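Working notes for the structure below.
The values are calculated or read from the model by the stated rules, or taken from the named source; none is laboratory data. What you see is a predicted model, and the numbers here were worked out from it, not measured in a lab. So basically every Cβ, Gly included, is an ideal-geometry build from the backbone, and we count neighbours across all protein chains shown. Accessible surface is based on the protein model in full, side chains and every heavy atom, while ligands, DNA and RNA are left aside. Shrake-Rupley method; radii C 1.70, N 1.55, O 1.52, S 1.80 Å.
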Amino acid sequence: MTPGYRVPFAHRGSHLGEREADAIAQLVRSGGRLTSGERRAEFERRFAELVGVRHALTVTSGTVALELAIGLLDLGPGDEVITTPQTFQATVQPLLDTPARVRFCDVDPGTLNIDPSRLEALTTDRTRAVVLVHYGGRPADMDRIMAHARPRGIVVIEDCAHALGAQRHGRSPGSLGDIGCFSFHASKNITTLGEGGMITLDRDDWAERLDRRRSNEVDGDFVSGLVPTAPPPSLAWMKWADRAHGHACAGVRRAGTNATMSEAAAAVGLVQLDRLPGLVARRRHIGARIDEVLTRHDWLRPTTPEPGVTDARHLHTFFVDRPGARDALVRALDRRSVEVQLRYFPQHLMPEWRARGPHGPGECPVAESSWFGAHMNLPCHPSLTDAQVDHLVHALDEAAHEVAGRAEKETPCPTST
């Protein structure tokens, strides 16, 4: 945790305890495989079942999950991708490695998720994909997004790094679009020893391609047939070299990489999956206490989920609807030993995207006005004690009164005529 704060943002977004330590100890003592073994297979099986998809493939991080998922699109010159500006850079960074044109879609002012009403104006006959994030753990309006994308053959990739434990009308993020990408970074709602990721999808052919690439294999088109210049293989070792001698390559799309999740990480992931409902419930409890304070001040606006949507509460986000008051509230909370973070700086204003161009101020006005003057994020991780939560809500109420009182004193009285 950040030193010097009574209520800090955590370096760990989940609890790790004796159950996780026991799982690792059992693995070490077992003498079994430390990579690509039964724990990884079980973690993938259970995760697919939880999300509601046919395939779940572990990888080494959420960033790698996004890189591999975007790689499936085989983007070329002239292709276009629509994405969100309100996210961590890992969501959009893999697109820098492609020749595709990136169009940033502004966000909904109440959720900071991609605004479906703006997709139509950004879509062309060259649009190949939409890459979005479920900001803070609140699912985006996937019904409208998929209704726009599906008839046009547009692939929708969900960045679900914040959204494990959320639901939209009984379905889980990661099953709402075409491909889901999850992160098990230390800060997320569950973790696999600090880093880890998962890709979820239903298409068998894509799952096969992803499995090859994460396993140091080539993502290519292979056809049966012996290599003409190679000697006939001995039957004694044919099973170890079946593809080398039994197939020819008709084309290579992408090289593979080693993105294999360790058995130790998967063992911890299995324990964390068991604990997920309790961890998310704690986040929601803390969020409800914060929202109770926000409703006392008419210039502070909590995010309100639509009916049928549950929030995983990875971030607790709210809005300051009084000009100039957001920064004053941040400073007032900081003086009361509550750490505030503003997540995330709009991606279209980052120097790498301005250089890629044409991107810059005015492109996404809602995201810009929100980050520079309206939205705030407060700690809501399950490691907070009851005493810390009590301090947080008291400090928030006190700081809000202070900022509002100062604003009233600074407001000039109307002059009489």
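Tabulated results
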quantity: Residues being part of a helix (DSSP H, G or I) and under 13 Å from T260 (Cβ atoms) - total across the stretch 31-45; calculated: 5
quantity: Residue within the stretch 372-387 that is at negative phi, in a helix (DSSP H, G or I) and in contact (Cβ under 8 Å) with a residue 60 or more places away in the chain present; calculated: no
quantity: Unmet criterion (only one of (1) exposed (fewer than 13 other Cβ atoms within 10 Å of the Cβ); (2) in contact (Cβ under 8 Å) with a residue 12 or more places away in the chain; (3) more than 30 Å from H359 (Cα to Cα); (4) over 22 Å from the mean Cα position of the chain (by Cα)) for S36; calculated: (1)
quantity: Those residues of the stretch 257-300 which are among the hydroxyl-bearing types (S, T, Y) and more than 27 Å from S61 (Cα to Cα), in sequence order; calculated: T295
quantity: Search result, residues across the stretch 280-291 that are over 20 Å from H394 (Cβ atoms) and either touching a residue at least 60 places away in the same chain (Cβ under 8 Å) or not in a helix (DSSP H, G or I) (or both); calculated: V280
quantity: Residue list for the stretch 292-346, restricted to those being in a strand (DSSP E or B), within 20 Å of the chain's Cα centre (by Cα) and buried (at least 20 other Cβ atoms within 10 Å of the Cβ); calculated: H316, T317, F318
quantity: Matching option when the condition is out of contact with any helix residue (DSSP H, G or I) (no Cβ under 6 Å at 6 or more places or on another chain) and either assigned by the TED database to the domain that holds G194 or within 22 Å of S383 (Cβ to Cβ) (or both), among G32, G37; calculated: G32
quantity: Pairs, first more than 15 Å from P382 (Cβ to Cβ) and assigned to a helix (DSSP H, G or I) in the stretch 263-279, second among the small types (G, A, S) and open to solvent by less than 10 Å² (accessible area, probe 1.4 Å), C-beta under 6 Å, six or more apart; calculated: A265/G196
quantity: Residue count for the stretch 178-220, restricted to those that are touching a residue at least 60 places away in the same chain (Cβ under 8 Å), assigned to a helix (DSSP H, G or I) and either more than 26 Å from I24 (Cβ to Cβ) or β-branched (V, I, T) (or both); calculated: 6
quantity: Residues satisfying the stated conditions in the stretch 205-254, i.e. at pLDDT below 60, open to solvent by 70 Å² or more (accessible area, probe 1.4 Å) and small (G, A, S); calculated: A236
